[in-house]
There are 4 protein chains.
Amino acid sequence: MVSKKPIAIVIGVGPGLGASLAKRFAIGGYSIGLVSRKESSVQPVQKKLEQQGHTSLSVTADASDILSMKNAFHKIRTEFGSDPEVLLYNAGRFIYNSILDLKPETLKNALNISVIGGLVASQEVLPSMIKQGKGTILLTGATASLRGSANFAGCSVPKFALRSLSQSMARELGPKGIHVAHIIIDGQINTPNQMQSQPDRDINSFLNSDAIAEAYWQLHVQPRSTWTQELDLRPSIEKF
Amino acid sequence: MVSKKPIAIVIGVGPGLGASLAKRFAIGGYSIGLVSRKESSVQPVQKKLEQQGHTSLSVTADASDILSMKNAFHKIRTEFGSDPEVLLYNAGRFIYNSILDLKPETLKNALNISVIGGLVASQEVLPSMIKQGKGTILLTGATASLRGSANFAGCSVPKFALRSLSQSMARELGPKGIHVAHIIIDGQINTPNQMQSQPDRDINSFLNSDAIAEAYWQLHVQPRSTWTQELDLRPSIEKF
Amino acid sequence: MVSKKPIAIVIGVGPGLGASLAKRFAIGGYSIGLVSRKESSVQPVQKKLEQQGHTSLSVTADASDILSMKNAFHKIRTEFGSDPEVLLYNAGRFIYNSILDLKPETLKNALNISVIGGLVASQEVLPSMIKQGKGTILLTGATASLRGSANFAGCSVPKFALRSLSQSMARELGPKGIHVAHIIIDGQINTPNQMQSQPDRDINSFLNSDAIAEAYWQLHVQPRSTWTQELDLRPSIEKF
Amino acid sequence: MVSKKPIAIVIGVGPGLGASLAKRFAIGGYSIGLVSRKESSVQPVQKKLEQQGHTSLSVTADASDILSMKNAFHKIRTEFGSDPEVLLYNAGRFIYNSILDLKPETLKNALNISVIGGLVASQEVLPSMIKQGKGTILLTGATASLRGSANFAGCSVPKFALRSLSQSMARELGPKGIHVAHIIIDGQINTPNQMQSQPDRDINSFLNSDAIAEAYWQLHVQPRSTWTQELDLRPSIEKF
């Protein structure tokens, strides 16, 4: 299944943003490497992409496990026969806990998923990007990227860390032609789970995952004279 | 010259970003109201728009003068026969001075151009936008919006002020369907003046004004589930 | 009433923070110049200082009026016979308004009180400070210095502007030995007015004005190896 | 060696800031628990404290190792016979590397030292602090806490993470009477090592570790009506 199209990899694929990112970049002309921890998360996405005539490849990997991530990239590169031009890093874990109850091992795991996984994934795609003098790395942030709220250290510590990684990479890699941007998603996404669990909630208070994916795409196609490093996204009626 | 198309107004039109914004929104289907202090700045832009088959109207006004601004909006509304759906606020003044040499009257004028003008312009377009339940207000920021550098109070004080206005308006008006966003332009734009005055400078170190205008347009077309309040723009090789 | 002690000037004196700042710096060995718009605000403060054996001088001036401010500084310099070593800029105006109802003239006035007044006052004290190679300028910020909330543009626009001025001055003047710092007061101060108007409110939810003044003093006495440019202050139980 | 005085613990003790913090809080009336990875770092500090008549206890522990940290706290609690009232978290690791050369394991280790260690240490002292309704936790940040610079991800990722932890703890624990603050040290400290390795450097460009320790002490003694969550510290001549 060697791909003649350029490759985009999505890390963290479920029925929400990951699926929308895959679809948007597929429509944009990319073959998609889908990486998720669970086969059951990634398979329906791949199936749908194929039904729509897009090329994709799904791999299960644990973003918190360095070797597992390396294997996933190796598999995608080998099967598609070329290196990714786009990395969409969307892995994360939601934790809500008093600081007294936040287990250090849980925070380590969340950091591994977020920032260590983001580093490993970036290092997998960067050598080729640097050689080509181009590439796009987009990292998914959240409200917690900017603010450490009470009981949210489990979310905000990894998200602050990922934001820092995005800035450091952007400053080093921009001059080499690689666009690194960080997207702050400030609100809940209209995933099936979120919507079913809050049936009475105003539908306008959810971010639309396809619209988010469009924002990622627009970042990707920015010409290098005019790059965004960071933007926020939220519903019009969201308090912030 | 009653306009059947919706109206976008650009405040602060010269050969650089203002012209590109006018062009982009004209292509997007808008009749353009062009407002600038000098007839010589705005006329060539209008002429070019007309040559390309777009509808536009140019008005001279001093953004620092409340009455002058109100008159400009009145004229545009009257001639086009309807209220603007889009306000692109791009007025500003560059000042570089030791704090000892920054005349209070100069800083007042810069504040009047930036944030008082921004308030007046917004108040001119908001009643109709609120009635329609939709509208877009995009405000042009700069590096100085985030950082008060030595000798740059004349720039940063007005730009911080405008950023504050943008946040306050976004939070009040978002739930009413009006999208207020702030664009941080971090670098120099490829205006004829800038490029001629620095002939040896790497052309890749300038922001492209058409690409900036595209970013504004993309903000304008974001669906209300997924709005950006702030983004930055800079050349890939810019240090930041 | 020539002062043998060094001079500190407090702009914006009422029964709350202004009075506490005056007292703290008087205890610290300074003669105090008190500047306020209303004689009735400043006289009780001066009277109390004198009862406690401190030297002070009260002048009425309108912080939004450049000439009025210059006259106030002239009078203090002349009467005390020397130039101030410390400027505590505490003037401000509270405005709460929908963006639709915020009169441009009101915002201008608020900007004049905050940032134009801050610039004028700084320019009055800086020449002597630069000559001496030392001096302290402390500027009072607020929650609104960092965040433009809905209906708070009248507060946040001037406070963002003042914060920008503080940064720009700090970066230019630090190397000249002048310490410029910005204090973000995040909450309500225990002024008589505030407390009387909210009789049922938990007293622990107010900032103590004497404690704030102590924080200003500690900034003032920081050695120049180790200066703070910005800090926040809030009650332990404040949500933020 | 049961301590009749209250206990302060310093994590990350060397000849620079750690030693100054220990001295300042000892002078302030605390018995000091000194924790460092290397006996050779902590012993001279303890010796000096004892020569000056202060009570201290030194324990070696690896801040990146959860069990090692827990043991250190257990030992200090047991020997001193009571729980710490003050935690000064000063552990960190300097890393300078291209993003391509930053080993994931190295970043993990840096995160373990910084934010996992900070969490573990906080969890060791918090139960007693919450019971008492008072306590102080001060966390050492850096320039890299606010900015992810090129080649500095190894520093900034852990420091962003620690800052997030500080915010989250402050917001949860402030209402319980525990003061959590974050100190951004923006520049190099006058440690013997730093000064010897840059013999030609202007001595005024170093932060003074005793002055930093004084700033920590002033945070500690702030009354709870008026707490600082974050401040920065830098030499007057530092560019920032």
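Readers should treat all values here as calculations from the given coordinates under stated rules, not as data from a laboratory. All values derive from a computational prediction rather than experimental measurement. No Cβ is skipped: glycine too gets one built from the backbone with ideal geometry, and neighbour counts run over all protein chains shown.
Considering only chain D, what is the antiparallel percent among its DSSP beta bridges, to the nearest 5? Could you put the intermediate results ahead of the total?
Numbers: 0 of 33 bridges.
Taking every DSSP beta bridge with both residues in chain D, the antiparallel ones total about 0 percent.
Does region D:141-215 come out rounded, prolate or oblate by the C-alpha gyration tensor, with a ≥ b ≥ c the root eigenvalues, rounded set by a/c under 1.5 and, if not, prolate when a/b is larger than b/c and oblate if not?
Cα axes put region D:141-215 in the oblate bin.
Taking a label point 7 Å from Cα toward Cβ, how far is D:Q194 from its twins in the other copies, in nm, shortest first?
Those separations, rounded to one decimal, come out as 3.6, 3.7, 4.4 nm.
If one takes the longest principal axis of the Cα atoms in chain B, at what angle in degrees, from 0 to 90 and to the nearest 10, does the Cα axis of helix B:17-27 lie?
30 degrees
From the square roots a ≥ b ≥ c of the eigenvalues of the alpha-carbon gyration tensor of region C:7-233, which class results: rounded (a/c under 1.5), prolate (a/b over b/c), or oblate? Before the final figure, lay out each step's value.
Working: a/c = 1.38, a/b = 1.21, b/c = 1.14.
Taking the square roots of the gyration eigenvalues as a ≥ b ≥ c, region C:7-233 is rounded.
Provide the net charge surrounding A:S166, with neighbours chosen by a C-beta distance below 14 Å and charges set as Lys +1, Arg +1, Asp -1, Glu -1. Don't skip to the answer; put the middle values down first.
Details: positive: A:K159, A:R163, A:R171, D:R147; negative: A:E172, A:E230, A:D232, B:D232.
After counting each charged neighbour, the total is 0.
Which of the trypsin sites (Lys or Arg not before Pro) across region A:1-30 are loop residues per DSSP, with 14 or fewer other Cβ within 10 Å?
Values: sites: A:K4, A:K23, A:R24; in loops: A:K4.
Hits after loop and neighbour filter: A:K4.
Please find the FRET efficiency linking C:I27 to C:S98, where r is the Cβ-Cβ separation and R0 is fixed at 45 Å, and quote it to the nearest 0.05. Don't skip to the end; give the middle numbers.
Values: r = 44 Å, r/R0 = 0.97.
For R0 = 45 Å, the calculated efficiency reads 0.55.
Rounded to the nearest 10 degrees, what's the angle between the helix A:209-221 long axis and the longest principal axis of chain A, both from Cα atoms, 0 to 90?
For A:209-221 against chain A, the angle is about 50 degrees.
Relative to the compact-globule scaling 2.2 N^0.38 Å, provide the ratio for the alpha-carbon radius of gyration of region B:71-205. Don't skip to the answer; put the middle values down first.
Values: Rg = 16.9 Å, N = 135, 2.2 N^0.38 = 14.2 Å.
For region B:71-205, the normalised Cα radius of gyration comes out at 1.19.
Non-local amide H neighbours of D:I9 (under 5 Å, H modeled in plane, Pro and chain starts lacking H): which ones?
Amide H to amide H, under 5 Å and 5 or more residues apart or across chains, D:I9 pairs with D:G33, D:V86, D:L87, D:L88.
What ³J(HN,Hα) values, in whole Hz, does the Karplus curve 6.51 cos²θ - 1.76 cosθ + 1.60 give for region A:127-141 when θ = phi - 60°, with x put for Gly and Pro?
Listing the rounded values in order: x, 5, 4, 5, 4, 6, x, 7, x, 9, 10, 10, 10, 8, x Hz.
Mind giving me the nanometre distance, one decimal, between the label points for C:E105 and B:H74, set 7 Å out from Cα along Cα→Cβ?
It works out to 1.7 nm between the two label points.
Run the quick spin-label model on D:V221 and A:E39: label points 7 Å from Cα toward the beta carbon, then report their separation in nm to one decimal.
The answer from the label model is 6.6 nm.
What is the sum of charges around C:R24, taking Lys and Arg as +1, Asp and Glu as -1, for the other residues whose C-beta is under 15 Å from the C-beta of C:R24?
Values: positive: C:K5, C:K23, C:K48; negative: C:E85, C:D210, C:E214.
Neighbourhood net charge equals 0.
Under the rule of at least 5 residues apart or a separate chain, name every residue whose amide H is placed under 5 Å from the amide H of B:G135.
B:H179
Pull up all non-local amide H partners of D:W227: gap of 5 or more, or a different chain, and H-to-H distance under 5 Å with H placed in the peptide plane.
Amide H neighbours of D:W227: C:R234, C:S236.
Only helical DSSP H runs with n ≥ 4 go in: add -39500 (n - 2.57) per run for chain D, normalise by residue count and round the 222 nm mean residue ellipticity to 500 deg cm²/dmol.
On the way: 8 runs with 103 residues, N = 240.
The helix-only estimate for chain D comes to -13500 deg cm²/dmol at 222 nm.
Using a label position 7 Å from Cα in the Cα→Cβ direction, what is the ascending list of nm distances from C:P127 to the same site in the other copies?
4.9, 6.6, 6.6
How many angstrom lie between the C-alpha centres of region A:92-165 and region C:87-162?
Value for the Cα centre distance between the two parts: 37 Å.
What does the net charge come to around C:K176 if you take all other residues with beta carbon closer than 13 Å to its beta carbon, with K and R at +1 and D and E at -1? Before the final figure, lay out the partial values.
Numbers: positive: C:K131, C:K134, C:R171, C:R224; negative: C:E172.
Neighbourhood net charge equals +3.
Too long at a 27 Å Cα-Cα cut-off: which of B:K5/B:K108; B:K38/C:K108; A:K159/D:K103; C:K4/C:K70; B:K75/B:K131?
On the way: B:K5/B:K108 37 Å; B:K38/C:K108 24 Å; A:K159/D:K103 20 Å; C:K4/C:K70 23 Å; B:K75/B:K131 21 Å.
The answer is B:K5/B:K108.
Within 10 Å of each Cβ in B:171-183, how many Cβ atoms from other chains are there, averaged over the peptide?
Working: counts 11, 10, 5, 8, 7, 2, 2, 1, 1, 1, 2, 1, 2.
Mean inter-chain Cβ contacts per residue within 10 Å come to 4.
According to the square roots a ≥ b ≥ c of the eigenvalues of the Cα gyration tensor, what is the shape class of the protein assembly as shown, taking rounded for a/c under 1.5, prolate for a/b larger than b/c otherwise, and oblate for the remainder? All intermediate terms of the calculation are to be shown ahead of the outcome.
Details: a/c = 1.82, a/b = 1.08, b/c = 1.68.
Oblate, because a/c is 1.5 or more while a/b does not exceed b/c.
Determine the shielding of peptide D:42-53 by partner chains: average, over its residues, the number of Cβ atoms on other chains within 10 angstrom of each Cβ.
Details: counts 0, 0, 0, 0, 0, 0, 0, 0, 0, 0, 0, 0.
The shielding value for this peptide is 0.
Provide the per-residue ³J(HN,Hα) series for region D:6-11, in order, calculated from phi with Karplus coefficients 6.51, -1.76, 1.60 and θ = phi - 60°, each as a whole number of Hz, with x at glycine and proline positions.
Taking θ as phi minus 60°, the curve returns x, 10, 10, 10, 10, 9 Hz for region D:6-11.
To the nearest 10 degrees, how steeply does helix D:39-51 sit against the main Cα axis of chain D, on a 0 to 90 scale?
The helix D:39-51 is inclined about 50 degrees to chain D.
Could you work out the mean count of beta carbons from other protein chains within 10 Å of each residue's beta carbon in A:118-125? All intermediate terms of the calculation are to be shown ahead of the outcome.
Numbers: counts 1, 10, 2, 0, 4, 6, 0, 0.
That works out to 3 on average.
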